[in-house]
Amino acid sequence: MTQEIYLEDMLEVLRANLAEKLTELVDEDRIYKFSVPDELSDAELSPCIRLNLADMRPNRWAGDKVVGYYYEFLIDIWHEDYHQAFVIGQHVQQVLREMNFRQTSPVFEEDEDTDLYRDSRTYAGNILI
């Protein structure tokens, strides 16, 4: 019997971990997978988090069976307050560290489309199954 790991499973694990650790900073219903709903106004976006998969590929085998995957997540945080966007980003980083993921690149900018601050980070790690 083989154990399969699916993209949706890892994004849901990540979302659940973030929701648990960020309860004081971001409502669970403001943590989105793949995209933020188009019907939200710019004011309603603050704060919110979007989780995306940047890469996923098998990287460890035992014979002909895949036993590990490389994952890379892109996580965007929007907030109207510069400092709060950074604070939430630091909490997200801690959650990903606990999952054995490391940050590979940061982008911190004022999002011209929303007039909110965006903290965007990429995290990479390996999952053994």
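Key figures for this structure:
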{"item": "Residue (of Met56, Gly89, Val107) at the positive-pole extreme of the chain, dipole from beta-carbon charges", "result": "Met56"}
{"item": "Neighbour-count ranking [beta-carbon atoms within 10 angstrom, fewest first] of Phe73, Phe86", "result": "Phe86, Phe73"}
{"item": "Tilt relative to the chain, helix 82-98 - C-alpha long axis, 0 to 90 degrees, to 10", "result": "10"}
{"item": "Estimated inter-spin distance, Ala62 and Phe86, nm [label 7 Å along Cα→Cβ]", "result": "4.6"}
{"item": "Max mean-square fluctuation residue, GNM over the chain, Cα-Cα springs under 10 Å, options Glu80, Glu109, Glu72", "result": "Glu109"}
{"item": "Cβ-placed point charges (K, R +1; D, E -1), dipole of the chain about Cα centre in debye, nearest 20", "result": "1060"}
{"item": "Footprinting exposure proxy for Trp61, Trp78 (fewest neighbouring C-beta atoms within 10 Å first)", "result": "Trp61, Trp78"}
{"item": "Debye intensity ratio I(q)/I(0), log10, the stretch 7-128, q values 0.14, 0.17 Å⁻¹ (C-alpha model)", "result": "-0.58, -0.82"}
{"item": "MRE, 222 nm, helices only [DSSP H, n ≥ 4, -39500 (n - 2.57), over the chain, to nearest 500]", "result": "-8000 deg cm²/dmol"}
{"item": "Residue of Ala19, Ala85, Ala43 that the Gaussian network model of the chain assigns the largest fluctuation, springs spanning Cα pairs under 10 Å", "result": "Ala43"}
{"item": "Which of Val66, Val26, Val92 has the fewest Cβ neighbours within 10 Å, and the rest in rising order", "result": "Val66, Val26, Val92"}
{"item": "GNM result for the chain, Cα springs below 10 Å: residue of Asp119, Asp29, Asp81 fluctuating most strongly", "result": "Asp29"}
{"item": "Per-residue ³J(HN,Hα) for the stretch 33-48, Karplus 6.51 cos²θ - 1.76 cosθ + 1.60, θ = phi - 60°, Hz, x for Gly and Pro", "result": "9, 6, 8, 8, x, 4, 6, 6, 6, 4, 5, 6, 6, 9, x, 7"}
{"item": "In degrees, nearest ten, helix 7-21 long axis to first principal axis of the chain (Cα)", "result": "50"}
{"item": "Value of relative contact order over the chain, rounded to a whole percent, pairs C-alpha under 8 Å and six or more apart", "result": "23"}
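Every number here is computed from the coordinates shown, using simple stated rules; none is lab data. Since this is a predicted model, take the numbers as computed values, not measurements. Glycine gets a Cβ as well: all are built from the backbone with ideal geometry, and neighbour counts include every protein chain shown.
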